[in-house]
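> Would you mind keeping the following structure in view while I ask a few things?
Only the coordinates and a few stated rules stand behind these numbers; no lab work does. Here the structure is a predicted model, which is why all the values come from computation and not from measurement. No Cβ is skipped: glycine too gets one built from the backbone with ideal geometry, and neighbour counts run over all protein chains shown.
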Amino acid sequence: MSDINHLGDKLYPIKFNPLLKLPVGDKVPEEINMLVETPMGSINKYEFHTQTGLIKLDRVLYEKLPYPIEYGAIPQTWDEDEDLLDVMCLVTYPTFPYCLLSVRPIGVMLFNDTGEKDDKILAVPVDDIRFKHIKSIDDIPEHQKDEIGFFFERYKDLQFKYKGQTDKEVKLEAWEGKEKSFEIIEEAQKLFKERFEDMDDLCCEDCDCKCCK
């Protein structure tokens, strides 16, 4: 299971922020932790509030197009879009927002979100025997990848229309394999350490650490 047994016997107050305090995983990069934001089948888009670790409803999708995959973030990572590294996980049945999963990266979707790099790691759950045979992105049916790609290239169409942002677009640039996903995860770990190198154990109203700015 996910690497939470090594946190010790200390009881953590509500100020414990799992996004910033949970380890990346047990066997990084082969196995990593995932905190679910939006479950498969939902049109509610949930997002973590990085500074507090709370989860919020970002919006209800303008399109009645449900998420085809479990979607979330990898703790103690940081991406070029100034947020935690995104991760998608194939599941047998949807979980729920804030659920902690142990997952195996098998590839990555290289993604451009309105001109901003927003890559998304593709993974399978460690604790579901139905995915034991999936070792790489080549084991995923082409149609399933097309479904995922179709969703992410279309799930903002009506939002752009009704907000008068028709000049904006999102684009799936490529699918890459496990090795590329490992590189991206390791780089995101480095960026996290640089971004939060002065982070205090607990933050308060008067805190001047980087996570509160």
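> Take every DSSP beta bridge whose two residues both sit in segment 18-180, then give the antiparallel share in percent to the nearest 5. Please list the in-between numbers first.
Working: 31 of 35 bridges.
DSSP beta bridges in segment 18-180 are roughly 90 percent antiparallel.
> With the Cα gyration tensor of segment 18-180 in hand, give its eigenvalues times 5 under a square root as the equivalent ellipsoid semi-axes, listed largest first in whole angstrom. Working shown, then result.
Details: eigenvalues 111, 70, 47 Å².
Values for segment 18-180, descending: 24, 19, 15 Å.
> Taking R0 as 25 Å, what's the FRET efficiency between Asn112 and Leu65 from their Cβ-Cβ distance, rounded to 0.05? Let's see the in-between values first.
Details: r = 19 Å, r/R0 = 0.77.
Calculated value: 0.80.
> In the Gaussian network model of the chain, springs joining C-alpha atoms below 10 Å, which of Ile74, Ile185, Ile137 carries the largest mean-square fluctuation?
Its mean-square fluctuation being the largest, the pick is Ile137.
> Give me the number: length gained by fully extending Phe160 to Asp83, i.e. 0.36 nm times residue separation minus the C-alpha to C-alpha distance, one decimal in nm.
Length gained between Phe160 and Asp83: 25.5 nm.
> Could you tell me which of Ile32, Met88, Ile121 has its Cα farthest along the dipole of the chain towards the positive end, charges placed at Cβ (Lys, Arg +1; Asp, Glu -1), taken about the Cα centre?
Positive-most Cα among the choices belongs to Met88.
> Using Cα pairs under 8 angstrom and six or more residues apart, how large is the relative contact order of segment 101-166, in percent? The partial results should precede the final answer.
On the way: 55 pairs, mean separation 15.7, N = 66.
Relative CO of segment 101-166 lands at 24 percent.
> Report, in listed order, any pair from Lys120/Lys190; Lys145/Lys178; Lys135/Lys171; Lys163/Lys190; Lys64/Lys161 with a Cα-Cα distance greater than 24 Å. List each step's numbers first, then the result.
Numbers: Lys120/Lys190 17 Å; Lys145/Lys178 15 Å; Lys135/Lys171 26 Å; Lys163/Lys190 36 Å; Lys64/Lys161 15 Å.
Going by Cα-Cα distance, Lys135/Lys171; Lys163/Lys190 fall outside the 24 Å limit.
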